[in-house]
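**Q** Sharing a structure with you now.
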Amino acid sequence: MSLHKLIQWSEKDFTDLPWRKKRTLYGTLVSEIMLQQTTVGTVKNHFEKFLQRFPDLQSLASASEEEVIVAWKGLGYYRRARNLKKISEHLVSEYKGKFPSTALELQKIPGIGPYTSHALIAIGKDARGLAVDANLERVIARLYGLEFEKGPKLQKKILELFEADEIFSGFNLSYRALNEALMDLGRTFCQARKASCELCPLKTDCHAFKTKKQLSFPLEKTAGKKVSQEHELHLLRILIISKNKVLVYKKSENEWLSGQYELPTLVISSTDKKLKQYPQLETELAESELKQFKTGITKYKIIN
Ligand code: SF4
C-alpha cells in the first residue's frame with residue numbers, strides 16, 4: 001500500500017496547520033476537541049489564541065468556566081469548552097497534570113472517549129493508535145472494502161482489525177503521520193458525497209476505487225435512521241439597559257446552550273412543539289413592527 005506516498009502528500013500540503021507546528025499532548029487535546037464539529041478553517045483562527053490564553057493544563061484547570069467560554073467564542077458547541085476544562089481539572093487533580101500513557105487509561109477520564117484517547121496516543125505521542133471518527137471510518141472502509149454499517153459498529157470493527165494487525169500492518173511508519181494523512185484525505189479527496197480518486201495517493205490500493213463503488217462505503221444505516229427536521233422559531237428578545245448594563249441571565253447546566261448568557265426571551269411561535277426552552281408569549285404581537293434579525297442553530301431557523 002502506498003502509505004508513504006500518502007504521508008508525503010499530507011506533509012507537503014498540510015504541515016502549516018497551527019496545531020502541527022509545535023507538538024504537545026495538551027495542544028493535541030485542545031486541537032482535537034476543537035476539531036470535533038468545527039471545520040479546520042475556523043479552528044485555524046482560534047487555536048493559537050486559545051493556547052496563548054491557556055498555555056497548559058494548569059492554566060486551563062485553574063481558570064473560571066466563564067473565562068474558558070469567552071476564549072472559546074467563535075468555535076460554537078460550548079459544551080466542548082466545558083468538557084475540555086473538566087478534563088484538565090481531572091488530569092491536574094488525579095494525575096498530577098500528566099497524561100496517562102495508554103488509550104485505555106485515558107478513557108477512564110470523564111470526557112475522553114475512544115477517538116480522543118487514540119488521537120492523544122497517535123498524534124500527541126506519535127505512538128501506536130488510530131483515531132477513528134466519521135472521516136477516518138469512511139476512508140478506511142473504502143480502502144479495505146469493509147462492509148459494515150457506518151457509525152459505532154464500523155468504528156469498533158476498524159479498531160479490532162487495527163489491534164489484530166490486519167489493517168495498516170507491515171509498515172514502519174509514524175502513527176502521527178499516518179493518522180494525520182488519513183484525516184487530510186477524508187477532508188479533501190475522500191469526502192462523504194464526493195471521491196476525487198484520480199488525485200488520491202492511495203488509488204492503486206483502494207478497494208472502492210478498483211471496484212468503482214466509492215460512494216457505497218461505508219454502508220448506510222438501515223434501521224432507526226433519524227430524519228432530522230428543521231424547525232422555525234419566532235422569539236421575542238427583551239432588551240433592558242440600565243446604567244450602561246444589559247440584563248442577561250446565565251443558562252443552567254441542563255438547558256440548551258448551557259452556560260451561555262442570553263437576553264430574557266419568550267416564544268412567539270414555534271414549529272417544534274417539544275421545545276420547552278422559553279416561556280410562551282401569551283398576548284398578540286404585531287411582529288412586523290419589531291426589529292427582526294435571523295439566526296440559525298442546529299435544526300432551528302430563528303427569527304428574533
Ligand atoms: S481512491 Fe478514492 S475512495 Fe479510495 S481512498 Fe482515495 S479518494 Fe477515497
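Here, each number is a calculation from the coordinates, and none is a lab measurement. A quick note: this is a predicted structure, and the numbers were derived from the prediction, not measured. Here Cβ is always computed from backbone atoms with ideal geometry, including for glycine, and neighbour counts include all displayed protein chains.
**Q** Once the piece of chain linking residue 5 and residue 67 is laid out straight, how much longer is it, given 0.36 nm per residue of separation minus the C-alpha distance between them?
**A** 18.0 nm
**Q** For the chain, calculate the relative contact order in percent as a whole number, restricting contacts to Cα pairs under 8 Å that are 6 or more residues apart.
**A** So the answer I get is 15 percent.
**Q** Also, I was wondering about something else. With a Förster radius of 30 Å, plug the Cβ-Cβ distance of residue 271 and residue 215 into 1/(1 + (r/R0)^6) and report the FRET value to the nearest 0.05.
**A** So the FRET efficiency works out to roughly 0.40.
**Q** Sticking with this structure for a sec: Grab the beta carbon distance between residue 252 and residue 104, set R0 = 45 Å, and tell me the FRET efficiency rounded to 0.05.
**A** For R0 = 45 Å, the calculated efficiency reads 0.85.
**Q** Which of 59, 288, 196 ends up with the largest GNM mean-square fluctuation for the chain, with Cα atoms connected below 10 Å?
**A** Among 59, 288, 196, the largest GNM mean-square fluctuation belongs to 288.
**Q** Based solely on its DSSP helices, what 222 nm [θ] is calculated for the chain when runs of n ≥ 4 H residues each add -39,500 (n - 2.57) and the sum is averaged over all residues, nearest 500 deg cm²/dmol?
**A** Taken over the chain, the calculation gives -11500 deg cm²/dmol.
**Q** Among DSSP beta bridges lying fully in region 231-303, give the percent that are antiparallel, nearest 5.
**A** 70 percent
**Q** OK, next. Estimate the FRET efficiency between residue 187 and residue 77 by the formula 1/(1 + (r/R0)^6), using the beta-carbon distance for r and 22 Å for R0, to the nearest 0.05.
**A** It comes to 0.75.
**Q** Of the residues 15, 102, 271, which exhibits the maximal mean-square fluctuation in a Gaussian network model of the chain defined by a 10 Å Cα contact cut-off?
**A** Evaluated over the chain, the most mobile residue of the options is 271.
**Q** How would 274, 156, 243 line up from fewest to most surrounding beta-carbon atoms within 10 angstrom?
**A** 243, 274, 156
**Q** Build a GNM of the chain with springs between Cα atoms under 10 Å: which of 40, 68, 139 gets the top mean-square fluctuation?
**A** Ranking 40, 68, 139 by mean-square fluctuation puts 40 first.
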